[in-house]
Amino acid sequence: MGTNEALPAAGPVELFYSYAHEDEVLREELQGHLKILERRGLVKAWHDRKIVAGQDWSGAIDAHLHSAELVLLLVSSDFIGSDYIMSTELEVAMRRHAQQQATVVPIIVRPVDLSSEDAEDFPFLKLQGLPTDLKAVTSWSNRDEAWTNVAKGLRAAVMAIRARRPPAPAAMVRNTRGGGTSNFAHAPAKPAADDAVLQQLVGGVVGQVVQAQEARGQPPMDASAVDALRHQARVLVDVPDQRRILWVDDQPQGNRHEAAALAKLQIEVVQVLSTDDAMDRLQEDAEAFDLVISDWERAGEPPEAGLRLFTRMRDAGLAVPVVYYHGAQGGLRRQRADQVLALGAAGEAVLPGELLALVAKALGGG
């Protein structure tokens, strides 16, 4: 590559949180979910809690608001009721959006009585917002799934922003092995492993898996098992792209903690109840699935419905890996493990920690 050749600008998108302090807990939750995008070098977030003592808070907010490429509006009744947000932050954000200097995304975090008729007073209502169908985050039965939906939309916005950037000259960097120089764009460094938000994220995943273990009537995990969970969670945090899982189980409520753990890791989980529904989603969804999790038996279907699903998938030319999550123990489990191995499936699990390990191996090579 010549010294004058250009590479696409690939640095993180600067993100600004506009929110009412009454919604700080929700901002922190979203920040935790977006931590994965930060780890992937896609975003660099700023909010007013980063202002240090003695700093001009108004000047700091103004500077970051004017440099941000992506502005998130955490919409609630308190957001609407904030004079500072409405008269200052929103005005600047919408002007920069109109001038194509920034992308503004409204996120409905708490229910608020607004309609398209209010767009004259609240111009952000003209913009495409999140979550899907503008269902407020706090109205979802599983808030982690709501944030996963939001993060998926924001990832698309971030990639669109990066695609619009003009090419930047290739950086001259020293080749430490050969002592010379070469041209390539720096990949953003990952935050330190002891980052507080990352620790909170991993802790949340572990907490959900521990609850799943208890819900299945299994003994508490020992320290080594918890350490293994933390490792698997970190493997999945650093998977470069967002992943999708199709979970086939006629009793999905029994997997609520496991699904919540995956949602915290920004893994989209689509749940269906039958083999036919699974085949429809696998063949018709616009977005591909990276993994299928299946139970073993399903009410209203022939015996060993999970194995039959695998056969139908392969007959249809679908090579998506499949793991089985079931409750058999002892000799029956060994028999099922042999059947899974003979099929060529990705594995079987009985305990929640075993399932997470299989997911980490299938999606992240962990």
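Taking N as the residue count of segment 285-366, its C-alpha radius of gyration divided by 2.2 N^0.38 Å amounts to 1.08. Summing charges over neighbours of R162, with a neighbour being any other residue whose Cβ is under 15 Å away from its Cβ, gives +1 when K and R count +1 and D and E count -1.
Compared with the alpha-carbon gap, the fully stretched path from Q99 to L343 is longer by 82.2 nm at 0.36 nm per residue. Cα gyration tensor of segment 9-80, axes a ≥ b ≥ c as square roots of the eigenvalues: rounded (a/c below 1.5), prolate (a/b > b/c) or oblate? It is oblate, given that a/c is not under 1.5 and a/b is not larger than b/c. Solvent-accessible area assigned to carbon and sulfur over segment 7-145 amounts to 48 percent, based on a 1.4 Å probe. Taking every DSSP helix (H) stretch of at least 4 residues in the chain, weighting each as -39,500 (n - 2.57) and dividing the sum by the residue count yields a mean residue ellipticity at 222 nm of -13500 deg cm²/dmol.
Restricting the calculation to Cα atoms, the chain yields a radius of gyration followed by a Dmax of 23.3, 70 Å. Share of carbon and sulfur in the accessible area of segment 300-366 stands at 54%, probe radius 1.4 Å. Calculate the length of the line joining the C-alpha centroid of segment 285-327 to that of segment 27-103, in whole Å. Each part reduced to its Cα centre gives a spacing of 43 Å. The alpha carbon convex hull volume per residue for segment 228-366 rounds to 105 Å³. Distance between the modelled labels on E284 and L127, one decimal in nanometres: 3.4 nm (7 Å Cα→Cβ projection). To test your reading of the geometry: what angle, between 0 and 90 degrees and rounded to tens, separates the Cα axis of helix 24-39 from the longest principal axis of the chain? Orientation of helix 24-39: about 80 degrees from the principal axis. Scattering from segment 231-301 was approximated by placing one identical point on each alpha carbon and applying the Debye formula without solvent; log10 I(q)/I(0) at 0.14, 0.23, 0.24, 0.25 1/Å stands at -0.45, -1.06, -1.11, -1.17.
Applying both filters, DSSP loop and at most 11 other Cβ atoms within 10 Å, to the trypsin sites (Lys or Arg not before Pro) of segment 120-151 eliminates every site.
Residues in segment 207-220 carry Karplus couplings, in order, of x, 5, 5, 4, 5, 5, 4, 5, 5, 8, x, 9, x, x Hz; the curve used is 6.51 cos²θ - 1.76 cosθ + 1.60 with θ = phi - 60°, and Gly or Pro positions show x. Convex hull of alpha carbon positions in segment 304-343: directionally averaged projected area 2.8 nm².
Listed values for segment 98-104 are Karplus-derived 3J(HN,Hα) couplings in whole Hz (6.51 cos²θ - 1.76 cosθ + 1.60, θ = phi - 60°), namely 4, 8, 6, 9, 7, 10, 9, and x replaces Gly and Pro.
For the chain, the longest principal axis of the C-alpha atoms and the axis of helix 330-343 are separated by about 70°. In this structure, the residue pairs whose Cα-Cα separation is over 28 Å, taken from K35/K135; K126/K152; K50/K361, are K50/K361.
On full extension of the chain, what length is gained from Q335 through E301, given 0.36 nm per residue of separation minus the C-alpha to C-alpha distance?
Length difference between fully extended and current span is 10.2 nm.
Scanning the chain for GluC sites (Glu not before Pro) in DSSP loops with at most 16 neighbouring Cβ atoms within 10 Å leaves 121-286 as the longest stretch between them. Given +1 at the Cβ of Lys and Arg, -1 at the Cβ of Asp and Glu and no other charges, the dipole of the chain around its Cα centre is 1500 debye to the nearest 20. Looking at segment 41-176, the pairs of alpha carbons with a distance over 25 Å make up 34% of the total. May I ask you to list the residues of segment 266-288 whose amide nitrogen lies under 20 Å from a point 7 Å from Cα along the Cα→beta-carbon direction of Q211? In segment 266-288, the label zone of Q211 (backbone N under 20 Å from the point 7 Å along Cα→Cβ) covers 266-271.
From Cα pairs below 8 angstrom and at least 6 apart in sequence, can you work out the relative contact order of the chain, rounded to a whole percent? Walk me through the intermediate numbers first.
Working: 548 pairs, mean separation 56.4, N = 366.
About 15 percent, as a whole number.
Expressed as a fraction of 2.2 N^0.38 Å, the value expected for a compact globular protein of N residues, the C-alpha radius of gyration of segment 210-263 is 1.29. Accessible surface computed residue by residue for segment 229-353, with neighbouring protein chains in place and a 1.4 Å probe, gives 43 Å² per residue. Largest mean-square fluctuation among Q128, Q213, Q242, in a Gaussian network model of the chain whose springs join Cα atoms under 10 Å apart, belongs to Q128.
The values are calculated or read from the model by the stated rules, or taken from the named source; none is laboratory data. Values in this document were obtained by computation on a predicted structure and should not be read as measured data. Using ideal geometry, Cβ is built from the backbone for each residue, glycine included, and neighbour counts are taken over all protein chains shown. Heavy atoms of the whole protein, side chains included, go into the accessibility calculation; ligands, DNA and RNA do not. Shrake-Rupley method; radii C 1.70, N 1.55, O 1.52, S 1.80 Å.
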